[in-house]
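The values are calculated or read from the model by the stated rules, or taken from the named source; none is laboratory data. Remember, predicted model here, so these are calculated numbers, not experimental data. Counting neighbours? That spans all protein chains shown, and the Cβs are built from the backbone with ideal geometry, glycine included. Surface areas here come from the heavy atoms of the whole protein model, side chains and all, with no ligands, DNA or RNA. Shrake-Rupley method; radii C 1.70, N 1.55, O 1.52, S 1.80 Å.
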Amino acid sequence: MLLLDGVVKVQTTDETGDTALLAIRVAGDLVGEMAALDQKPRSATVVTCGDVVAKLITSGELMSFLHRRNDVFVELIGMINDRLRWANQRRRDFLSHPAAERVARVLAELVQTYGREEPHGWTLGIPLTKVELASIAGMKPRTAEKAFSDLRKAGVVVSHLRRDVLVPDLAGLRRFAG
């Protein structure tokens, strides 16, 4: 599906029912391309964050289009490569950064990409829980609560109200993130 308007969460659920947020996608992004390309079962689920408008592109339509348009095929490879690099960075962060820094790194990236500046700082503007934000950084719910407490104490994240985050100092959050 090609997202035309709105925001979605890409998530996965394990055998025990625990869910992890893998990514955020917005208008202009493609979702479901892996299953369309390799004809295997979906590796994740897409959940809307409000109203979403999307264009369904069947596997056959996508493959036919990519055969006709090599330039688009190269762009698709670039997009998939960027996503793989992002996932690899999260894995590296897990090895070398404590929980609060990992959340700060993910949050700074998300706010910089999707957030908006307001009078008292930056808000993410995407309805995510602390647990969802922390799961992108590869941590369990209890660790998420401690990580957000550390961020609040450091003054780089003020609140997490109504599933939104206020970052009063984006540069400070980046410094905290290392």
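Is at least one residue of the stretch 147-162 under 16 Å from the mean Cα position of the chain (by Cα) and part of a helix (DSSP H, G or I)? Even if it seems obvious, please write down each step before you answer.
Here is the first cut: in the stretch 147-162, the residues under 16 Å from the mean Cα position of the chain (by Cα) are none.
Within the stretch 147-162, not a single residue is under 16 Å from the mean Cα position of the chain (by Cα) and part of a helix (DSSP H, G or I).
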Just to be sure I understand the filter: pairs with C-beta atoms under 7 Å, separated by 6 or more residues or on different chains, first member in the stretch 126-152 and farther than 17 Å from F94 by Cβ, second member open to solvent by less than 10 Å² (accessible area, probe 1.4 Å) and of a type outside the set (A, V, I, L, M). Which pairs pass? K130/F148
Scan the stretch 85-104 and tell me whether some residue there is exposed (fewer than 10 other Cβ atoms within 10 Å of the Cβ), among the aliphatic types (A, V, I, L, M), under 28 Å from L170 (Cα atoms) and at pLDDT below 90. yes
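Going through the stretch 11-57 one residue at a time, which ones are among the charged types (D, E, K, R) and surrounded by fewer than 16 Cβ atoms within 10 Å (Cβ to Cβ)? Working first, answer last.
Our first condition is that a residue be among the charged types (D, E, K, R); within the stretch 11-57, this holds for 14-15, 18, 25, 29, 33, 38, 40, 42, 51, 55.
Those that are among the charged types (D, E, K, R) and surrounded by fewer than 16 Cβ atoms within 10 Å (Cβ to Cβ): D14, E15, D18, D38, K40, R42, D51, K55.
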Unique residue being open to solvent by 40 Å² or more (accessible area, probe 1.4 Å), within 25 Å of V7 (Cβ to Cβ) and hydrophobic (A, V, I, L, M, F, W, C) when the list is I126, I80, I136: I80
Which count do you get for residues in the stretch 95-112 that are free of Cβ contacts under 8 Å to residues at least 60 places away in the same chain, part of a helix (DSSP H, G or I) and over 16 Å from A23 (Cβ atoms)? 3
Complete set of residues in the stretch 52-68 that are without any contact (Cβ under 8 Å) to a residue 24 or more places away in the chain and either among the aliphatic types (A, V, I, L, M) or in contact with an Asp or Glu (Cβ under 9 Å, 6 or more places away or on another chain) (or both): L66
Only unsatisfied item for M139, checking (1) among the hydrophobic types (A, V, I, L, M, F, W, C); (2) under 13 Å from L22 (Cα atoms); (3) over 14 Å from the mean Cα position of the chain (by Cα); (4) assigned to a helix (DSSP H, G or I), is (4)
Given the conditions (1) surrounded by 11 or more Cβ atoms within 10 Å (Cβ to Cβ); (2) over 22 Å from the mean Cα position of the chain (by Cα), report the number of the one that G60 does not fulfil. (1)
Looking at the stretch 70-77, is at least one residue out of contact with any Asp or Glu (no Cβ under 6 Å at 6 or more places or on another chain), farther than 25 Å from P127 by Cα and of a type in the set (D, E)? yes
Would you check which residues across the stretch 21-68 are more than 22 Å from N81 (Cβ to Cβ) and not in a loop (DSSP other than H, G, I, E, B) and list them? T45, V47, T48, V53, A54, K55, G60, E61, S64
So E117, is it surrounded by fewer than 14 Cβ atoms within 10 Å (Cβ to Cβ) and either of a type outside the set (V, I, T) or in a loop (DSSP other than H, G, I, E, B) (or both): yes
